[in-house]
Amino acid sequence: MKSSPSTYSRTIAEKTTATKAIFSSESDHRLHEMLATNKFGTFFGVSQEVLDSVWQTLTSQTGESVIYISMEIGADLDVFHPVCDRLQQLEITTHPDESINQFLQLFLQGPVKIPNYSGGLGVLAGDTLKSFADCKIPVAGISLLYRQGYFSQLVDSKIGQIAWASQWEPEKTPGLYLLHDPESPSQPLTIEVPFYDLQGIRFAAHAQLWLKMEINEALDFFVPEILLDYQTPLSPDWIQDAAQHLYNSSSEKIKATQRRLLGAGVTPVMETLGLTCRTMHLNEQHGVGVILSLITRLLQEKYGAHYETEVTDHDILSAATEVAKRLVFTIHTPVKAGHDRFDISVYEELVNPFCRRILNLLALDTHNPSVYNFTAMAMKLNRATNSVSRLHKEVTQKQFPQYADKITAITNGVHHLTWTSDARAELFDTFPDLHNWRRDPSVFANTEALQLNNKFRTYFEQAWRTDTKILVDYVNQMLITHRNQRLTTWIDPPNYLSCLKDEDAPLEHTTFTLGFARRFSTYKRADLIFADLDRLAAMITENNWPVNFIYAGKAHPSDEPGQDLIRNVLAIQEELYLKSNGLAKLVFIPGYDMHLAKMMVAGSHAWLNSPKRPLEASGTSGMKAALNGVPNVSIMDGWWVEGYHNGQTGWKFGYEGLVTPEHFSEQPSSLLYNEDSDSFYTVFPEMLRLFYDPTLHDQYIDKCIANLTLNYPIFNTHRMAAEYVARYDLDLAPKVQGEMEKFRRLYCSDPSFESGLK
């Protein structure tokens, strides 16, 4: 079994204080093989041969690679890091060669958080790049580095969420490298991004470049992420302010500036590093500013230095058509807040007059000509647009009817190696039917015999109990910490259980545990199932069914209704506990991140998803639960429409009728609280009965195993990557191409697209 890096790091740190490891010449050789260098720096984790090979492909004149552009990329080291796993295997804690030892100590004892993500979009981006690395797809990611990251969360029972700046140091983070200028190795490698004032005077924002490697388990391939760090003295203060933390929305100008820093930084990065590509993939519209750079570059090459005064609007539109052939666009949400619109006046302070001319031709909102609509611009200018589930395709076509014919579906997935718990992974490693599951998650598709394998079912429940104990122990320790916190700080802990006597508060490992963790936004309806506390408490007490409700998640600091949802959940705790005679324990865990998410999806007995249909474009937390064999109970929205399998893998509730534009409303009166909560209350007793009744419990485990055989092979980013590769039109090695085709044959998100390939 491969321990998680966080557990491993703690273990190694303890060993290091006690003794120096004795290592063999073979281990020493392997460590030397993990050190590689090029003109931009020295890196740890892959061999020189691998570094040179990947870099040669990414800089080849043939352009057989992809640039993946995303506002956020989530890939914390404490949930998945193959380099740490390799160090665990070698059992080396120190090394006499200082060039190696400094990396060794950094990986073994350095921080494991990179808070450059807010939630699903960023974590999905990280999962996607990991699968590209596993599958050896030549891709380079480009994003921003936020020195204050996304906010850290404290929660007070009366105040609610308290947001404060994350504190982290890229310089001390393992696997993160500041690139050096080849002509002046003591200096960081930098790029310039042009900005303009109202008088059209040009000035520059400067970014230094960081490299993070997403390395596969074999350490024989990686995907580089290039992170732009604008926190340099050469950048104006307001530029640094805009770039210091993710989704800075303190003003419309700051928000627009952050988008421009991403989009306009892409081509300078490529030129500086020598990167080439056939395709640029816009992961949401945030980086759409790259289109301005590409159009401008194309016109300059064709018409010369005076192109700005010589080209016609027709010339610009023709150039835009050419640029569109290089772009793939993924739209991730039907929710209005997820679509960037900026007043024209804001961009008068960010780009030169010629770029504004391009925007006036390509980005004006059809309903409000004083606004630039960047989602519509991204939708217009690409060779392939995809939604992130089948239902989301239908929704997107209705939201953008003028582009309906070009919109296809690629249902999201998650990186199976990241999200499968250690206990489950150890189980999968021991069963011959699942041989090679780490490299090929599709092997689960051929394992229907697992349902009849009593040995597997027994070991599966043992692994599940292990993960539930880890989660419950974490919660109980948190409650103790919060109880002490009441005496030493001004913060009133967020959990009513912290106020109880020690013997009354703890959660039990054997109690049915329902998990819910995601961004707190009104359409996600975190408090839906508590709409009628009397009814919920009655079904629990009448049958003597204890239940743990474990919640976590953040609301954006500027989303006051989302923060109200957190306060609502906190306010419910005491009443639910008392009405259920102490059988129902509702807990909120502050500080949601990837490590907590992994613990929750593996330790819960069912996973709740309660958005208003059809506003959840996909959702991925339920997929993470499913890959651990945890059934979902969910609204029929997003991925669950495809993952439900007629009830074999979990339960459905709520509205599931036709989707019309009227259903896109997020107004409180349209959120169907009464109707959908009533539906949940009819389903929940069935779930508890199957779990607690020993004569029915096997039916519960049937749903768990069905998740492994039906959902594990499908809802992973290897399959998703294969579908993207079909849009990228890359000339891949025959072996890689064959594996991609195998994944696509197993499941096709959009049969209409696949039929067009034949």
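Bear in mind that the values in this text are calculations on the coordinates, not laboratory data. What you are looking at is a predicted structure, and each value in this text was computed from that prediction instead of being measured. Heads up, the Cβs are rebuilt from the backbone with ideal geometry, glycines too, and the neighbour counts pull from every protein chain shown.
Worth pointing out:
- Alpha carbon centroid spacing (whole Å) that separates segment 542-616 from segment 346-372: 42
- Folded to 0 to 90 degrees: helix 533-542 orientation relative to the chain principal axis, Cα: 40
- Compared with the dominant principal axis of the Cα atoms in the chain, helix 48-58 is inclined by about 70°.
- Residues with amide H under 5 Å from that of Leu586, placed H, sequence gap 5 or more: Phe549
- Computed from Cα atoms, the angle from the helix 290-303 axis to the main principal axis of the chain rounds to 20 degrees.
- Dimensions of the chain from C-alpha coordinates, computed as largest minus smallest value along each principal axis and given longest first, are 80, 68, 61 Å.
- Inter-part distance where segment 484-538 and segment 23-77 are each reduced to a Cα centre, Å: 44
- Within segment 717-744, backbone nitrogen closer than 11 Å to the virtual label 7 Å beyond the Cα of Ala218 toward Cβ: 736
- Inter-part distance, segment 122-199 to segment 225-292, computed on C-alpha centroids, equals 11 Å.
- Annotation: segment 536-582 has a Kirkwood hydrodynamic radius of 12.2 angstrom, from the mean reciprocal C-alpha pair distance.
- Straight-line reach from Lys501: taking Cα to Cα under 29 Å and skipping same-chain neighbours fewer than 8 places apart, the lysines in range are Lys158, Lys469, Lys554, Lys579, Lys585.
- Value of Rg to Rh for segment 445-715, rounded to two decimals, is 0.95; Kirkwood radius and Rg both from alpha-carbon coordinates.
- Those aspartates and glutamates that a straight Cα-Cα span of less than 16 Å connects to Lys172, excepting residues fewer than 8 apart in one chain: Asp76, Asp78, Asp229
- Sorting 596-602, 96-102 by their mean Cβ neighbour count within 10 Å, with the most densely packed peptide first, gives 596-602, 96-102.
- Derived scalar couplings ³J(HN,Hα) [segment 119-130; Karplus, 6.51 cos²θ - 1.76 cosθ + 1.60; whole Hz; x for Gly, Pro]: x, x, 4, x, 5, 4, 4, x, 4, 4, 5, 5
- Fewest neighbouring Cβ atoms within 10 Å first, the residues Asp698, Asp473 line up as Asp698, Asp473.
- For Met636, the amide hydrogen comes within under 5 Å of the amide hydrogens of Phe653, counting only partners 5 or more places away or on other chains and with H modelled in the peptide plane.
- Sequence of His509, His697 once ranked by neighbouring C-beta atoms within 10 Å, starting from the fewest: His697, His509
- Taking amide H as placed 1.01 Å from N in the peptide plane, Thr42 has no amide H partner under 5 Å among residues 5 or more places away or on another chain.
- Dimensionless Rg over Rh [segment 587-697; C-alpha; Kirkwood]: 0.98
- In straight-distance terms, cross-link reach from Lys612 covers every one of the aspartates and glutamates whose alpha-carbon lies under 16 Å from its own, apart from those fewer than eight places away in the same chain; here that gives Glu394, Asp527, Asp637, Glu656, Glu662, Glu666, Glu675, Asp676, Asp678.
- Table column - 3J(HN,Hα) (Hz), segment 449-454, Karplus curve with 6.51, -1.76, 1.60, x for Gly and Pro: 5, 4, 4, 9, 8, 4
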